[in-house]
1. Determine if the stretch 74-88 includes at least one residue that is at pLDDT below 95, more than 17 Å from Met115 (Cβ to Cβ), assigned to a loop (DSSP other than H, G, I, E, B) and not small (Gly, Ala, Ser).
2. Output the number of the condition that Ser133 fails; it satisfies all remaining conditions of (1) closer than 22 Å to Val44 by Cα; (2) assigned to a helix (DSSP H, G or I); (3) of a type in the set (Ser, Thr, Tyr).
3. Return a yes/no flag: does the stretch 143-155 have any residue that is assigned to a strand (DSSP E or B) and of a type in the set (Ser, Thr, Tyr).
4. Given the condition within 12 Å of the chain's Cα centre (by Cα) and in a helix (DSSP H, G or I), answer yes or no: does some residue in the stretch 102-120 qualify?
5. Among Glu171, Glu163, which is surrounded by fewer than 23 Cβ atoms within 10 Å (Cβ to Cβ) and modelled with pLDDT of 95 or more?
6. Only one of (1) more than 20 Å from Leu29 (Cβ to Cβ); (2) buried (at least 20 other Cβ atoms within 10 Å of the Cβ) fails for Val110. Which number is that?
7. Check Phe132 against each of (1) hydrophobic (A, V, I, L, M, F, W, C); (2) out of contact with any strand residue (DSSP E or B) (no Cβ under 7 Å at 6 or more places or on another chain); (3) at pLDDT 95 or above and name the one condition it does not meet.
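The values are calculated or read from the model by the stated rules, or taken from the named source; none is laboratory data. All values derive from a computational prediction rather than experimental measurement. Glycine gets a Cβ as well: all are built from the backbone with ideal geometry, and neighbour counts include every protein chain shown.
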Amino acid sequence: MKKYYTILALLLTSIFCQAQSPEQNLKSLGITLQQPNAPIANYVNYVRTGNLIYFSGSGTDKAYEGVTKGKLGKDVTIEEGREAARHTGINLIASLKYAIGDLNKVKRIVKVFGMVNSTETFTDQPKVINGFSDLMVEVFGEKGKHARSAVGMIALPMNMAVEIEMIVEVEN
């Protein structure tokens, strides 16, 4: 009987979390969104075409205490890379909120391209980018589940450990 109560509790928790808004989920996670970073070169943070928003590659920012620089497999642990990917997700959510005003307008996180600054023998890029993917599901529920690539790069700008692009479908 205890097993059934546990299953029921998990089901109710899942329903409750899905019923919360992304803003409520951010608050319950203790996340406060900051002003998005300005682009560092001649580009924009995002481009909207129809109901799709394409976000430029983003990494952690200077406000993040543990700004993670270096290569996975040499200077950076999987857990540090995962945390950098999670913080990158927070930055991209801040850019998303700036772009649309209300996170309830998100229909779906469609596609994510995760780049990991890696040594040539490092092969756990998916574990690193899970820091981002897990956050999207925590904040947006089913709408946060996305198609994804997680690839290794020989170098990333400013030696950052992680850079992530995403495509989001929004309401009109």
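1. no
2. (1)
3. yes
4. no
5. None of the others qualify; the one that does is Glu163.
6. Going through the list (1) more than 20 Å from Leu29 (Cβ to Cβ); (2) buried (at least 20 other Cβ atoms within 10 Å of the Cβ), Val110 breaks only (2).
7. (2)
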